[in-house]
Amino acid sequence: MESDNEKMQEFVSLFSFHHGKISSYILTLVPNYSDAADIMQETSKTMWAKFSDFTIGTDFLAWGLTIAHYRVLEYRKKKKRSKEVQFSEDLFEKLGQAVEKRQDKSTEYLSSLKKCFKFLKEEDQRLILLRYYEHLKIKEIAGRLGKTVQTVYRNISRIQESLLCCINKVSFGEGNHRD
């Protein structure tokens, strides 16, 4: 059984990773930034309160978006009673579906990226981790690896092209192109 501390750490890790997507979803459906921030706060509280119901290993983002969706619906009901101008129900649903579709594509892209990252040579993986995980500047990476700045730029560019090519193959099959 997980301790409360482990449970909190797991929640914080998952929530931190997906916070931006959940917040973007809410902002897409709620035109007022202040209201969207309030809804995000309520969504966060609900997610934490119901985290014991969440099954680790399932889609945390989908779970969070569902909670956010219901919070936005509550907001819309309150606004409807106050007769404020808001999106029509049809537009609201279409926006929600468009955002969910975009989230699905992002999730698919990240899944492909993870697969392709594993195909990289160990030294290429290290270079990408230094740049994008540790957020080091190119000059810092060059110094750490004993390479020139130009070499680091060229290697990162080569790796990015390789990853993009692999992602297209994994996501869309050999020879298929996105529209």
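The values are calculated or read from the model by the stated rules, or taken from the named source; none is laboratory data. As the structure is a computational prediction, the values presented were derived from the model and not from experiment. So basically every Cβ, Gly included, is an ideal-geometry build from the backbone, and we count neighbours across all protein chains shown.
Quick rundown of the values:
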quantity: The listed residue being farther than 13 Å from VAL30 by Cα, at pLDDT 90 or above, surrounded by fewer than 16 Cβ atoms within 10 Å (Cβ to Cβ) and not aromatic (Phe, Trp, Tyr), out of ALA98, ALA62, ALA49; calculated: ALA49
quantity: Those residues of the range 131-155 which are modelled with pLDDT of 90 or more and of a type in the set (A, V, I, L, M, F, W, C), in sequence order; calculated: ILE138, ILE141, ALA142, LEU145, VAL149, VAL152
quantity: Extreme residue, modelled with the highest pLDDT, among residues of the range 1-36 that are small (Gly, Ala, Ser) and more than 30 Å from LYS79 (Cβ to Cβ); calculated: SER13
